[in-house]
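None of the figures in this text is laboratory data; all of them are computed from the coordinates on show. All of these numbers come straight from a predicted model, not from anything done at the bench. Every residue, glycine as well, gets a Cβ built from its backbone with ideal geometry; the counts of neighbours run over all protein chains shown.
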Amino acid sequence: MWNHKSVLLNVDDRLLNKLKKYSKIGGVLFLILGLIGIIFPSFMTFSTVVFISYLMLFAGLSSCLMTWVTNREDWAGWLKSFLLVGVSLLMLFYPLQGVATLGLLFSIYFFIDAFAGFGLAFSAQEDKHKWLWMLNALISLVLAIIFMLGWPFSSILMVGFFIGMSLFFDGIALLMGASILGKLNNDIL
């Protein structure tokens, strides 16, 4: 139905070359960050906690400003602002509790992903791809159990390791995407 040549014919060559270039740069950066996370997982864990804390602090201060400007009597807006700022400051001043919280959130995420994967596997109509959904669901379930068995102490290593692995494979995906863009660009010309 869709032909990649017909879709990409309207794309400017300069845009395609820029996308390829920045996909390569992003892929290499993600690979490096991923390797740092895999080799030094505790460093990646604490870096993630600090990054998330500052994002929450910025969101809380922005929400505070917007509540001040738009409706100063909006108690829900003030509550949201103070909660975001408070939690971000707690995570910055007590990073181990932030690490434990991230570990718990990862565990919850993996449990939800496992149950969704099992649901997709059992509802799939074609039998030839069910095993992929089952494998994904089983891996997510095992990861969730591993997180829960060692929680909160394993969170220091596990969070950074999994973020590193995710960044590493995102880097591979970006490099593969750049390679595909290069091939598509050659096919168009």
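Key figures for this structure:
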read-out: Nearest-20 debye value, the stretch 3-107 charge dipole, Cβ charges on Lys, Arg, Asp, Glu; value: 500
read-out: Relative compactness, the stretch 31-83, computed as alpha-carbon Rg over 2.2 N^0.38 Å; value: 1.67
read-out: Degrees between helix 155-188 axis and first principal axis of the chain (Cα, 0 to 90, nearest 10); value: 30
read-out: Cα-based helix-to-principal-axis angle, 75-93 vs the chain, degrees rounded to 10; value: 90
read-out: On Cα atoms only, tilt of 130-150 relative to the major axis of the chain in degrees; value: 30
read-out: Pairwise Lys count, the chain - Cα closer than 23 Å, eight or more residues apart or different chains; value: 9
read-out: Relative contact order (%) - criterion: Cα under 8 Å, at least six apart; region: the stretch 64-156; value: 31
read-out: Ellipsoid equivalent to the chain - semi-axes via the Cα gyration tensor, in Å; value: 35, 26, 20
read-out: Label-to-label distance, nm, for residues given as R14 and L149 (7 Å Cα→Cβ offset); value: 5.7
read-out: 5 angstrom amide H check on F40, placed H, neighbours 5+ away; value: none
read-out: The chain: relative contact order in percent, alpha carbon pairs under 8 Å with at least 6 residues between; value: 41
read-out: Ellipticity estimate at 222 nm from DSSP helix runs (n ≥ 4, -39,500 (n - 2.57)) divided over the chain, nearest 500; value: -30500 deg cm²/dmol
